[in-house]
Amino acid sequence: MKLGIIKTTPDREAFFGFIRKLVIFPDNLQAMTCMKRSLLLWLLASVNLLAAFGQSRREDIYSDFVLYPKRAGMEKDLRQRIIEGTFAMPLDSNTSYRFELACSAVTQFQFSGQTVWQGFEKMFAGYQQLPYETKAAFLEALYAVTETKYAPRVRALLDSEDNPVLFALAALYLYRADTSVSYSNELKIRMVERFPGYDTLEVLRAFEQYVSYQQQDSRGRTPDITELFGYGRPSGHKTIYSFQRWNRDYPGLALVQLSDGHFARDPAGRLLVFQQLARSGSSLPYFMADGNTPQGIYSIQGTSVSHNNFIGPTPNIQLILPFEKRWEKYFFRPPGTRVDSLSDYLQLLPPSWRNWRPMLEAWYAGKAGRTQIIAHGTTLDPGYFREKPFYPLTPTMGCLCAKELWNPTSGKLLESEQLDLVNTYLSTPGTNGYCIVINVDDRQKPLSRQELETWVKKYESGIPLGQGNNAKMQPGGLH
């Protein structure tokens, strides 16, 4: 998805002075691309120094961004200046970029209430005159915090929408309100009528697949997970599995399979597991920009440290989607190697998994243009999400985000499953591998340690004794 350039103005520069204080980015910006991503890129997207390094010590990691005065100041700015101040303004061509940023803040921090609804009313009234980026931010915010509240109003927008991405955003909102086969067919008919060449537009092709199969897939039976564990052993690469629910409001769990096929354990022999949230602020489907983390296979390209304040200084794991980089890089092959990308992607899965449609989410998301999904920590104050099922984890723009808790007085880590995950992954030689994200079922509760231990026990019971001398790591993870 290509978005337009928005010119910088003195008012715009003054307005984003607040943003400049929060994150590190160049001061000599001459243009701002896609205002929706201003909050997201500057506050939340990864700006990384790519580097492979050894294990990090928790006591060496510090962030002044988590200190109480900064958290309190940021929340005040977000609520009073970005949300209340903006939505109190008239909406016109001079203020639309403010409304765009306010909607992005609503999406990421899950703000709601009368002030937000009043802002939304202004945006409904002026929707047809809004620039593309403001429309997109508005529709994402509606999806993020209103469930089905505005379905009749969104239906009216859909009837006149001729942009494929905006059409998909509006149609997804309506599909969530009515997932019946008859209504999904109605949405597909509208799509074909509005976009006769929809099959040449990746976002609409993915939308058509989603409304056709999402209900079926979420109720389907996931293939045998132990076969997936066993199939990864011959590759010689390490693998991170991130197991999730279909409802991404509930946290998942990750574990690390070593190159010898065994799973990482602590010195006492206990399986190491790490809480991860695969939910974006919008909770849009996998194929939309900044939607939930797609299921499927990511190539692990080492580790890095972000200079983004909201991701924080804890090392992250660099992932790339299919289509994001050269295929040789994704598959760890010499430059110039002939690649049949889809066939080779499916060869990373055992035969019983190759026809399991959800494993292609990452493939289609990459083809639709999604990028920059990594596995990272967070400095966000979990207090914003206290009433959410995923508390104290925090949503992102679609990355895998591990649980991190900070001391707001000292700026030091209290708990970091992200650091434990990275250190576990780096405890054995090599940084290349794969990360596989899997929705296991649609139960409305977080993944449990017991579930993972059951799968691993079944798998490891078939491994000959004596293998895997490096299976035990330093303590970490969820206990």
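The values are calculated or read from the model by the stated rules, or taken from the named source; none is laboratory data. This one's a predicted model, so the numbers in the text were calculated from it and none came from an experiment. Cβ atoms come from the backbone with ideal geometry, glycine included; neighbour counts cover every protein chain shown.
Considering the conditions (1) in contact with a Leu (Cβ under 7 Å, 6 or more places away or on another chain); (2) surrounded by fewer than 22 Cβ atoms within 10 Å (Cβ to Cβ); (3) assigned by TED's automatic domain parsing to the domain that holds Gln216, Ala170 is excluded by exactly one of them, (2).
Within the stretch 397-408, residues that are in contact (Cβ under 8 Å) with a residue 24 or more places away in the chain and under 11 Å from Val66 (Cα atoms) have Cβ atoms under 9 Å from residues that are in a loop (DSSP other than H, G, I, E, B) and acidic (Asp, Glu) in these pairs: Trp406/Asp381; Pro408/Asp381, counting only partners at least 6 apart in sequence or on another chain.
Total residues in the stretch 403-436 satisfying the condition of being in a loop (DSSP other than H, G, I, E, B), surrounded by 14 or more Cβ atoms within 10 Å (Cβ to Cβ) and among the hydroxyl-bearing types (Ser, Thr, Tyr): the figure is 3. Each residue in the stretch 240-274 was checked for being more than 16 Å from Asn292 (Cα to Cα), of a type outside the set (A, V, I, L, M) and in contact with a strand residue (DSSP E or B) (Cβ under 6 Å, 6 or more places away or on another chain), and 7 of them qualify. Residues in the stretch 437-479 that are in contact with a Gly (Cβ under 7 Å, 6 or more places away or on another chain) and not in a loop (DSSP other than H, G, I, E, B) were compared, and the one that is modelled with the highest pLDDT is Val437. None of Pro196, Pro251 is of a type outside the set (Ser, Thr, Tyr) and surrounded by 18 or more Cβ atoms within 10 Å (Cβ to Cβ) except Pro251.
Results for (1) farther than 28 Å from Gln110 by Cα; (2) not β-branched (Val, Ile, Thr), shown as yes or no for each residue.
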{"site": "Ala268", "(1), (2)": "yes, yes"}
{"site": "Leu284", "(1), (2)": "no, yes"}
{"site": "Met288", "(1), (2)": "no, yes"}
{"site": "Thr314", "(1), (2)": "no, no"}
{"site": "Pro322", "(1), (2)": "yes, yes"}
{"site": "Phe331", "(1), (2)": "yes, yes"}
{"site": "Leu342", "(1), (2)": "yes, yes"}
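With respect to (1) under 30 Å from Arg386 (Cβ atoms); (2) crowded, with 18+ Cβ neighbours inside 10 Å; (3) at pLDDT 95 or above; (4) not hydroxyl-bearing (Ser, Thr, Tyr), the lone exception for Ile61 is condition (3). Test Ser280 against the stated conditions and say whether it is among the hydroxyl-bearing types (Ser, Thr, Tyr), outside the structural domain of Tyr345 (by TED's automatic domain parsing) and either at pLDDT 95 or above or closer than 30 Å to Ala137 by Cα (or both). Answer is no for this residue. Among the conditions (1) without any contact (Cβ under 8 Å) to a residue 24 or more places away in the chain; (2) in contact with a Ser or Thr (Cβ under 6 Å, 6 or more places away or on another chain), the only one that Leu414 does not satisfy is (2).
The helices (runs of 4 or more DSSP H) found wholly in the stretch 141-208 and carrying at least 3 residues that are touching a residue at least 60 places away in the same chain (Cβ under 8 Å) occupy 164-177. Determine whether Gln108 is surrounded by fewer than 17 Cβ atoms within 10 Å (Cβ to Cβ), in contact with a helix residue (DSSP H, G or I) (Cβ under 9 Å, 6 or more places away or on another chain) and not aromatic (Phe, Trp, Tyr). Taking the combined requirement at face value, the residue does not satisfy it. When Phe87, Phe120 are checked against the criterion of being touching a Gly at 6+ places or on another chain (Cβ under 8 Å) and touching a residue at least 12 places away in the same chain (Cβ under 8 Å), a single residue qualifies: Phe87. Which residues, counting only those in the stretch 401-422, are out of contact with any Lys or Arg (no Cβ under 9 Å at 6 or more places or on another chain) and of a type in the set (S, T, N, Q)? Those that are out of contact with any Lys or Arg (no Cβ under 9 Å at 6 or more places or on another chain) and of a type in the set (S, T, N, Q): Asn407, Thr409, Ser410. Quick check on the stretch 338-350: of everything there that is at pLDDT 95 or above and assigned to a helix (DSSP H, G or I), which residue is surrounded by the most Cβ atoms within 10 Å (Cβ to Cβ)? Going through the qualifying residues, I end up with Tyr345. Among the residues of the stretch 290-337, just one is in a helix (DSSP H, G or I) and surrounded by 23 or more Cβ atoms within 10 Å (Cβ to Cβ), namely Tyr330.
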